[in-house]
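Colleague: Following this message is one structure expressed as structure tokens.
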């Protein structure tokens, strides 16, 4: 039965599945990974797409960069299409179902977890990609969401990651992940990205709604800024790949709580579109017959996931710690 009070209507399918099998060979020994190295030394930067198979805006960016024959002016550029097996299950009638095949590819990034999992499609792909991610100096992981109107970065609670998001600057909003905030270790928390004593850093760019054309534009803008700031491309190349998006004031949030459903009857009390302010102790949802209250004063609902089921991620809360948030008023 459809939830009578969903977080919001699901987005339209403006950008859907496409056959990417022609890209399987890549440029080396990792399928669907393309690596190019310049004569001049510099960082190894990775643009990562399809961490979730139904989040296709990053795929569009990677294929556009390949079609434009973008090559690094210095260092090494890798373009990765990650969970292709999930992407190939994409069904326009149920596009959310292709997020992963066996387990969430963005919740397994610990070497011991990957080694112990000898069954899942995702762990097998993770073993293929481990060497690439371990070599990376900077990684931009391109994602989208079901419902948030506002694009934003998600970063681990490390100054180097916050700094990388602020350097890229588009999206202008950054959310700092709380310790243990997700249901398993994410790629941006994978060693050496999580080591504060190494310069390697990774961030997630949530570029807008799944399957929206605007999300592709945002993903390209973030990628072009990322590459330009790292010296991989110059200003002229950047301008030719992506016109700048309207500037927004920077905002920094800290995630304060990540709520998981405990029943299959999780219902929101109203529509949430992302970064919605809620009153102190306000009832925001019902989990079965239990009310879910806002966790603290000055809370915002960063994300509300549609139709969460028992054990699944439902709501993420946070608070603004830097910047004016006129969007939420």
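Colleague: How far apart, in nm, are the 7 Å Cα→Cβ label points at residue 117 and residue 325?
Modeller: Taking the two extended label points, one gets 3.1 nm.
Colleague: Extent of the stretch 21-241 along each principal axis, from alpha carbon coordinates, in Å, largest to smallest?
Modeller: Result, largest extent first: 43, 41, 37 Å.
Colleague: Tilt of helix 57-67 relative to the longest C-alpha principal axis of the chain, in degrees (0 to 90, nearest 10)?
Modeller: 10 degrees
Colleague: Put one equal scatterer on each alpha carbon of the stretch 58-160, apply the Debye formula with no solvent term, and list log10 I(q)/I(0) at q = 0.10, 0.14, 0.18 1/Å to two decimals.
Modeller: Ignoring solvent entirely, the Cα scatterers give -0.36, -0.72, -1.17.
Colleague: So, one more: For the stretch 150-178 and the stretch 121-147, what is the separation of their C-alpha centers, rounded to whole Å?
Modeller: That distance is 17 Å.
Colleague: So what is the relative contact order for the stretch 21-241, in percent, with contacts set as C-alpha pairs under 8 Å and at least six apart?
Modeller: Over the stretch 21-241, the number comes to 23 percent.
Colleague: While we're looking at this one, here's another question. Peptides 53-65, 29-41: what's the order by average Cβ count within 10 Å, highest mean first?
Modeller: 53-65, 29-41
Colleague: Let me ask you something else. With axes computed from alpha carbons, what is the tilt in degrees of helix 159-168 against the longest principal axis of the chain, rounded to the nearest 10 within 0 to 90?
Modeller: It is inclined by approximately 80 degrees.
Colleague: Could you calculate the FRET efficiency of residue 166 with residue 198 from 1/(1 + (r/R0)^6), where r is the beta carbon distance between them and R0 is 22 Å, rounded to 0.05?
Modeller: It comes out at approximately 0.70.
Colleague: Moving on. Angle, helix 121-135 long axis vs. longest principal axis of the chain, Cα atoms, 0 to 90°, nearest 10?
Modeller: For 121-135 against the chain, the angle is about 60 degrees.
Colleague: Here's something else I'd like to know. What is the spread of the Cα atoms of the stretch 37-86 along each of their three principal axes, largest first, in whole Å?
Modeller: 36, 19, 13
Colleague: Follow-up question, since we're still on this one. Can you give me the orientation-averaged projected area of the convex hull built on the Cα atoms of the stretch 281-329, in nm²?
Modeller: Averaged projected hull area, Cα only: 4.2 nm².
Colleague: If each of residue 297 and residue 71 carries a label point 7 Å out from its Cα toward its Cβ, how far apart are those two points in nm?
Modeller: 6.0 nm
Colleague: Here is a follow-up. In percent, how large is the relative contact order of the stretch 74-169, given Cα pairs closer than 8 Å and 6 or more residues apart?
Modeller: Relative contact order, the stretch 74-169: 17 percent.
Colleague: Then there is this: Can you work out the PRE-style zone for residue 237? Point 7 Å along Cα to Cβ, and I want the residues of the stretch 59-103 with backbone N under 20 Å.
Modeller: Residues 59-81 qualify, since their backbone N sits under 20 Å from the label point.
Colleague: Output the antiparallel fraction of DSSP beta bridges having both residues in the stretch 253-329, as a percent to the nearest 5.
Modeller: Roughly 100 percent of the beta bridges in the stretch 253-329 run antiparallel, per DSSP.
Colleague: Cα centroid distance between the stretch 58-76 and the stretch 89-114, in Å?
Modeller: 25 Å
Colleague: Follow-up. If R₀ is 45 angstrom, what is the calculated FRET efficiency for the pair residue 260 and residue 36, using the beta carbon separation as r and rounding to 0.05?
Modeller: Given R0 = 45 Å and the Cβ-Cβ separation, E is 0.65.
Only the coordinates and a few stated rules stand behind these numbers; no lab work does. Everything numeric here is computed off the predicted structure, so don't read it as measured data. Ideal geometry is used to build each Cβ from the backbone, glycine not excepted, and the neighbour counts take in all protein chains shown.
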